[in-house]
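So the structure is just underneath, and the comments pick up after that.
The values are calculated or read from the model by the stated rules, or taken from the named source; none is laboratory data. Since this is a predicted model, take the numbers as computed values, not measurements. Cβ placement follows ideal geometry from the backbone for every residue including glycine, while neighbour counts extend to all protein chains displayed.
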Amino acid sequence: MNIPDNLKYTSSHEWISEPKEGIVTIGITDFAQDQLGDVVFVELPEVGSRVAANDAVAVVESVKTASDIYTPAAGEVVAVNEALEETPETINTSPYDTGWIFRLRLTSPTELGGLLDASAYLQHLEEE
């Protein structure tokens, strides 16, 4: 299982990049995409929408189920991965690169302090 060291994670299996000029990229983990199975549809958030930490902001549907995607931090959605509308299966093949879901301008970068690093996320998976 792929758990990059340079990202932070949530217990609900989202990943978030380190902020660059106050903007982070968010997607679902390799574990999450594996559990979902073949992704067939992604409902993206609206660019410009303001979200609070832990809000459900997107939906990923697979052949097995639909799963809400939660934002790990508060902010404004500044970009969505429109390529997922045509090729949602990119989440399965590249969850950390071309399979990202949305970008967020953080309200407060200090919110990221409570997220899991790679080793803590791995431990979380082992406890599930």
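Numbers at a glance
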quantity: Every residue from segment 96-110 that is without any contact (Cβ under 8 Å) to a residue 60 or more places away in the chain and surrounded by fewer than 15 Cβ atoms within 10 Å (Cβ to Cβ); calculated: Asp97, Thr98, Ser108, Thr110
quantity: Segment 96-117, subset touching a strand residue (DSSP E or B) at 6+ places or on another chain (Cβ under 7 Å) and outside any loop (DSSP other than H, G, I, E, B), residue farthest from Glu21 (Cα to Cα); calculated: Leu116
quantity: Filter pass, Leu122 being assigned to a helix (DSSP H, G or I) and either at negative phi or acidic (Asp, Glu) (or both); calculated: yes
quantity: Lone unmet requirement of (1) surrounded by fewer than 18 Cβ atoms within 10 Å (Cβ to Cβ); (2) among the charged types (D, E, K, R); (3) in contact (Cβ under 8 Å) with a residue 40 or more places away in the chain; (4) closer than 20 Å to Ala118 by Cβ for Glu14; calculated: (1)
quantity: Residue match in segment 41-53 (condition: at pLDDT below 95, over 27 Å from Ser119 (Cβ atoms) and among the acidic types (Asp, Glu)); calculated: no
quantity: Count of residues meeting criterion [part of a loop (DSSP other than H, G, I, E, B), closer than 17 Å to Glu128 by Cβ and either of a type outside the set (Gly, Ala, Ser) or out of contact with any helix residue (DSSP H, G or I) (no Cβ under 8 Å at 6 or more places or on another chain) (or both)] in segment 3-17; calculated: 4
quantity: Cβ-Cβ under 6 Å pairs, at least 6 apart or on other chains, segment 82-95 side in contact (Cβ under 8 Å) with a residue 40 or more places away in the chain, far side in a helix (DSSP H, G or I) and not aromatic (Phe, Trp, Tyr); calculated: Ile91/Gln33; Asn92/Gln33; Pro95/Asp30; Pro95/Gln33
quantity: In segment 19-36, residue surrounded by the most Cβ atoms within 10 Å (Cβ to Cβ) [restricted to those that are more than 19 Å from Thr90 (Cα to Cα) and among the aliphatic types (A, V, I, L, M)]; calculated: Val24
quantity: Unmet requirement for Asn54, which otherwise passes all of (1) free of Cβ contacts under 8 Å to residues at least 12 places away in the same chain; (2) farther than 23 Å from Thr93 by Cα; (3) not aliphatic (A, V, I, L, M); calculated: (1)
quantity: Failed item in (1) surrounded by 14 or more Cβ atoms within 10 Å (Cβ to Cβ); (2) under 13 Å from the mean Cα position of the chain (by Cα); (3) under 25 Å from Asn2 (Cα atoms), with Val77 passing the rest; calculated: (3)
quantity: Single condition Gly75 does not satisfy, out of (1) closer than 16 Å to Trp15 by Cα; (2) of a type outside the set (A, V, I, L, M); (3) out of contact with any Leu (no Cβ under 6 Å at 6 or more places or on another chain); calculated: (3)
quantity: Condition met for Ala53 (assigned to a loop (DSSP other than H, G, I, E, B) and surrounded by 14 or more Cβ atoms within 10 Å (Cβ to Cβ)); calculated: yes
